[in-house]
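Okay, so here's the structure we're looking at.
The values are calculated or read from the model by the stated rules, or taken from the named source; none is laboratory data. All of these numbers come straight from a predicted model, not from anything done at the bench. All Cβ positions, even for glycine, are placed from backbone atoms using ideal geometry, and neighbour counts span all protein chains on display. Side chains included, ligands, DNA and RNA excluded: accessible areas come from the protein's heavy atoms. Shrake-Rupley method; radii C 1.70, N 1.55, O 1.52, S 1.80 Å.
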Amino acid sequence: MKWWGWGDEGVSFTHTDKPALAPFIKLHLGLDVEAETSRPVAFNDLRIPDSLLEPSLRSALEGAVGSERVSTDPLDRVVHARGKCLRDLVRHRRGELGRVPDVVVRPDDEDEVAAVLRVALDADAVLIPFGGGTNISGSLEAPESETRTVISVDTGLMDRVLEIDEESRLARVQAGVLGPRLEAQLNARGWTVGHFPDSFTHSTLGGWIATRSSGMQSDKYGDVADLTRAVRVVTPSGILATRPVPHTSTGPSVREMVLGSEGRLGIITEATVHVHRVPERRTILGYLFPSWPEALAAMREIAESEASPSVTRVSDAAETRFSFATRKEPSLLDRLRSKVLQTYLERRRDFDLEAMCLSFIGYEGSKDHVAAQRKLVGKIVSRHGGLCVGSGPGELYDQKKFDTPYIRDYLLDRGAPGDVSETSAPWSVLSILYDNVTEAARRAFDELGVRGYIMCHLSHSYHAGACLYFTFAFKPSGRRDVLEEYDVVKDAIQQTFVDSGATLSHHHAVGTEHAKWLDQDISGPGVAMLRSLFDGVDPGANLNPGKIV
Ligand code: FAD
């Protein structure tokens, strides 16, 4: 992973193969994409604080995991200092590194994790578990004022599927496994977990659990909270282990307390998760709706119906226009097809192309199941004035989804912050929530006197509601620090979530970025309960202090 941005060195986002993108960005943000105005500081010019690791603690850590797995290498320490939220990226790019961990250790199994924890507690050091480092809630950074030694515990060597109980459809898996390696091990035996967040390539099972993550196919497979049946966690008072039973009435759920705990209760070493047979057929179809209200109503009706798609996602008109602007150079045949479609939509279906909303709906299972599901969904889509545009757009989306994360770095290279805020709310609230949030963002852009863009999609449908995922970007005014201006927009959006009856985050966790809204979301007594839990389990505040509360 790049130390200053997303993904692999050498891979980046570009507009050069997307003919409509540069004019789109110019129109909406007033940004000239040909002009790179800002690049990250060169690594060699970084002022990396010296490691505070004492020789005695180093030799105790080496005793726990072996000397080759205790690293004070500067690049290693910088990579482990933060996650990938916009504030992390901006400060890293500027060379403002904050409280960099003093050492990175890489345990290989649960015994080694337990040994590292013992050594750390004896030395009153701080332990921060590190999965893939992809969180976007400020869940990894040590407090600036931390004077104790900070140890980053990289779980990446714990990457094996240990056992598959085929009869129960459960797999016991080490927590440090990255998405692709998890799926490769399971697919080789005909199974899948079905958890595919957009950060899949660089995030881990332990990280997903510790942040209550959601994957694109959550409508079928559930969020990580649903598919995690049991956990093993190294805590200050020993190994916490829950049983992989389908349901239990053993008081408040300890498993649930670990879910979303962001390293504050211990280090998750293992989880037992649901696995499913790799489906015979998997398809994502594109649909077009005449308007956002019709699209929202259709998604709600699909959730209420007997249909059970694996993905339900619909973009508002602004995100639809953006999607079209990121299309690669179309072939002559594609251009003709799209002209015919446009004419049909405008003349025969009375579509206003500016208000049109693009949707992706996914189906998985046997051939017959997929066909029956498509029929059920097709009827609902038609009732709301929509139509199916085939599998082409869905396949394109499927291919592109792991590339789009690179776009934040692309915008930052041009001086513009772009970020996301996501939430969930009951169906009855979604429409007004959407209006309130887009209005709040536009007011924030006006207050700053900047040109900005906000767009949204609905994804992750449930019995009682869904997730709304907003993406925004703006060209800073140049009059204030870019992070100050970013905070004006981000705060306006987050405050509108809680004011409108929605949650501060559907799947990006709390960290430090969202902590200030927690009492408005779960109430003062709720926050006090969490505080008591963390203080009780970790009285010395050694485990990832300062996150969540
Ligand atoms: P890290 O970032 O390393 O850690 C996150 C937190 O979990 C930290 O507090 C850390 O201390 C703790 N932690 C990590 N491992 C352990 C462990 N073994 N034991 C105890 N605590 C641990 N999220 C989604 O849910 N869905 C998405 O579609 C999605 N898309 C994203 C796209 C992009 C471009 C980016 C940058 C992020 C996205 N995220 C998404 C957010 C992020 O990927 C998730 O929060 C993910 O679950 C973090 O996993 P990680 O392994 O990278 O954890």
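Residue count for region 209-219 under the criterion of being in contact with a Ser or Thr (Cβ under 7 Å, 6 or more places away or on another chain), near the ligand (Cβ under 8 Å from one of its atoms) and open to solvent by less than 10 Å² (accessible area, probe 1.4 Å): the result is 1. If the condition is being within 8 Å of the ligand (Cβ to nearest atom) and aliphatic (A, V, I, L, M), then region 125-152 contributes 128, 136, 140.
Among the residues of region 191-206, none qualifies, meaning not one is in a helix (DSSP H, G or I) and more than 12 Å from the ligand (Cβ to nearest atom). Residues in region 91-114 that are in contact with a helix residue (DSSP H, G or I) (Cβ under 6 Å, 6 or more places away or on another chain) and either part of a helix (DSSP H, G or I) or open to solvent by 40 Å² or more (accessible area, probe 1.4 Å) (or both): 106, 112. On the stretch given as region 124-165, residues that are open to solvent by 20 Å² or more (accessible area, probe 1.4 Å) and at positive phi total 1.
Among the residues of region 531-549, those identified as within 16 Å of the ligand (Cβ to nearest atom) and either in a helix (DSSP H, G or I) or hydroxyl-bearing (Ser, Thr, Tyr) (or both) are 533, 534, 537. Contact annotation: no residue pair with Cβ atoms under 6 Å, 6 or more positions apart or on different chains, pairs a residue in region 68-80 that is without any contact (Cβ under 8 Å) to a residue 12 or more places away in the chain with a partner that is among the small types (Gly, Ala, Ser). Residues that are more than 16 Å from the ligand (Cβ to nearest atom), free of Cβ contacts under 8 Å to residues at least 24 places away in the same chain and within 27 Å of residue 455 (Cβ to Cβ): find the helices (runs of 4 or more DSSP H) completely inside region 257-366 holding 2 or more of those. The qualifying helices (runs of 4 or more DSSP H) are 332-343.
Number of residues in region 220-246 that are small (Gly, Ala, Ser) and at negative phi: the value is 4. In this structure, does residue 338 turn out to be at pLDDT 90 or above and of a type in the set (Ser, Thr, Tyr)? No: the conditions fail for residue 338.
Evaluation of residue 87 against the conditions (1) within 16 Å of the ligand (Cβ to nearest atom); (2) within 24 Å of residue 116 (Cβ to Cβ); (3) part of a helix (DSSP H, G or I) shows that the sole unmet condition is (2). Exactly one residue out of 381, 420, 389 is of a type in the set (Val, Ile, Thr), closer than 20 Å to residue 134 by Cβ and touching a strand residue (DSSP E or B) at 6+ places or on another chain (Cβ under 7 Å), and it is 420. If the condition is being in a loop (DSSP other than H, G, I, E, B), under 14 Å from residue 414 (Cα atoms) and open to solvent by 50 Å² or more (accessible area, probe 1.4 Å), then region 4-28 contributes only 12. When region 220-251 is limited to residues that are of a type in the set (D, E, K, R) and either surrounded by 23 or more Cβ atoms within 10 Å (Cβ to Cβ) or farther than 26 Å from residue 511 by Cβ (or both), the one that is farthest from the ligand (Cβ to nearest atom) turns out to be 243. Among all residues of region 423-435, there is at least one that is within 16 Å of the ligand (Cβ to nearest atom) and either out of contact with any Lys or Arg (no Cβ under 6 Å at 6 or more places or on another chain) or assigned to a helix (DSSP H, G or I) (or both).
Against the criterion of being over 20 Å from the mean Cα position of the chain (by Cα) and either more than 16 Å from the ligand (Cβ to nearest atom) or farther than 24 Å from residue 197 by Cα (or both), residue 492 qualifies. For residue 164, the criteria (1) away from the ligand (no atom under 16 Å from the Cβ); (2) farther than 22 Å from residue 69 by Cβ; (3) out of contact with any helix residue (DSSP H, G or I) (no Cβ under 9 Å at 6 or more places or on another chain) hold in every case but one, which is (3).
Criterion applied to 452, 465 was being under 23 Å from the mean Cα position of the chain (by Cα), closer than 18 Å to residue 499 by Cβ and buried (at least 17 other Cβ atoms within 10 Å of the Cβ), and the one residue passing it is 465. Mind checking which residues of region 258-273 are aliphatic (A, V, I, L, M) and within 18 Å of residue 127 (Cβ to Cβ)? Hits for region 258-273 are 258, 265, 267, 268. Cβ-Cβ contacts under 7 Å between residues 6 or more apart (or on different chains), taken from a first residue in region 506-530 that is more than 14 Å from residue 421 (Cα to Cα) and more than 11 Å from the ligand (Cβ to nearest atom) to a second residue that is of a type in the set (S, T, N, Q) and at pLDDT 95 or above, are listed as 521/503. Looking at 381, 437, which is the one that is over 26 Å from residue 25 (Cα atoms), touching a residue at least 60 places away in the same chain (Cβ under 8 Å) and open to solvent by less than 30 Å² (accessible area, probe 1.4 Å)? Matching residue, one of 381, 437: 381. Among the residues of region 385-421, the ones that are open to solvent by 20 Å² or more (accessible area, probe 1.4 Å), acidic (Asp, Glu) and either in contact with a Leu (Cβ under 8 Å, 6 or more places away or on another chain) or closer than 28 Å to residue 485 by Cα (or both) come to 1 in all.
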